[in-house]
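A short write-up of the structure that comes next.
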Amino acid sequence: MEKKIPVLLGLIGLISLSLIFWNPVDFSWWPFGKPKNQSVTSEGIDMIEMDISGVSTTIIPKHREDIKADLDGKGKLTVKRQGDKVSISVERKRFGWPFHNKAKLNLYIPEDYDRNMVINLGSGNLSFSGHSKNKPMKLDKLLFDVSSGNVKLKNISVQRFEHDSSSGNADIDSLTAESGTFDIRSGNLKVRHYSGAIEADLSSGNVSMQMDELTGAVDIEVSSGGVDLHLPKSADFTLNGKTSSGNITCDFPLTKKKIEHKSIKGVHGSGEHPIDLNVSSGHINIY
């Protein structure tokens with residue numbers, strides 16, 4: 001009997017912790033709860049705002065007339081409409097067993113939604129893809145505010161794009177933007193098939209940028225890292241590149257070329273679009 005007492009006390013302690021941290025009366029937090037989903041009509045919506053943390057999120061454009069969020073895993077999902085704005089949030093408790101911590105959120109939006117999206121990502125990964133490069137997801141504004149997490153985008157066309165990140169990587173394939181802004185404190189920026197003007201500021205990380213079409217100014221500044229810029233052969237630009245510590249290479253034939261210690265200036269084609277590249281510690285490659 002005495003041997004059973006420690007086991008009994010252990011079970012009581014385990015149950016007590018479960019009651020404190022999980023609160024099984026609230027089934028939205030229950031680890032074995034069924035997938036949760038909520039939806040609202042998309043008619044007249046001007047803004048979709050997401051506030052999510054600790055989940056893996058996928059945004060899926062579909063032929064539909066509502067906005068639907070489907071959460072698989074532990075957490076509290078809220079989808080709320082106020083006027084012309086839809087807010088989606090996922091709240092997760094800080095404590096729980098490690099093997100119950102995985103959660104996935106699928107957000108289904110109308111493929112013809114063309115207004116604004118604001119995404120606040122506390123932690124976790126997010127992916128968002130349009131149907132194809134020739135049939136991208138078209139939006140007016142797409143704004144990201146990331147505390148810690150990775151963002152993967154594909155086949156997106158926007159008027160205004162902003163990505164503000166404290167920590168994490170951005171991986172983008174096929175993005176067209178009249179203006180694109182990246183502000184990343186720690187992380188890498190990798191972009192393929194970009195068209196438009198761009199401004200990027202990285203404190204620590206590398207920039208790999210491949211542009212299909214140069215239609216505006218390019219301004220990239222990196223404190224610690226490198227810049228690899230791949231431009232179309234027909235690009236018209238005026239280059240101003242400099243690095244405090246590192247090498248600079250440019251494969252384009254430049255007129256008015258001026259090379260000094262750790263800097264390069266010159267013109268390609270008509271020189272219409274300014275390209276300013278500034279790296280404190282790292283390389284610059286233009287090809």
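Every number here is computed from the coordinates shown, using simple stated rules; none is lab data. The shown structure was predicted, so the numbers you read here are calculated from the model rather than taken from an experiment. Glycine gets a Cβ as well: all are built from the backbone with ideal geometry, and neighbour counts include every protein chain shown.
Here are some notes:
- As an equivalent ellipsoid, segment 151-287 spans semi-axes of 23, 19, 11 angstrom, where each value is the square root of five times an eigenvalue of the C-alpha gyration tensor, largest first.
- Summing +1 for each Lys or Arg and -1 for each Asp or Glu among the other residues whose beta-carbon sits under 11 angstrom from that of Ser203 gives -2.
- Taking 0.36 nm per residue of sequence separation and removing the Cα-Cα distance, the Asp228/His63 pair yields an extension gain of 55.6 nm.
- Radius 10 Å from Cβ of Ser89, net charge of other residues (Lys, Arg +1; Asp, Glu -1): -1
- Available extension along the chain between Glu91 and Asn240 is 49.0 nm, counting 0.36 nm per residue and deducting the alpha carbon span.
- Counting only lysines at least 8 places from Lys262 when in the same chain, those with an alpha carbon closer than 25 Å to its own are Lys190, Lys233, Lys242.
- Approximating the spin labels as points 7 Å out from Cα along Cα→Cβ, the Gln159-to-Asp84 distance works out to 1.1 nm.
- Using the Cβ of Asn247 as centre and a radius below 14 Å, the other residues enclosed give a net charge of -1, where K and R count +1 and D and E count -1.
- The dipole here belongs to segment 151-287: it is taken about the Cα centre, uses +1 on the Cβ of Lys and Arg and -1 on the Cβ of Asp and Glu, and is about 420 debye.
- Pairs of Cα atoms nearer than 8 Å and 6+ residues apart set the relative contact order; for segment 151-287 it is 20 percent.
- If R0 is taken as 35 Å, the Cβ-Cβ distance between Glu111 and Thr249 corresponds to a FRET efficiency of 0.25.
- The trypsin sites (Lys or Arg not before Pro) of segment 72-166 that DSSP puts in a loop, and whose beta carbon has at most 11 other beta carbons within 10 Å, are Arg94.
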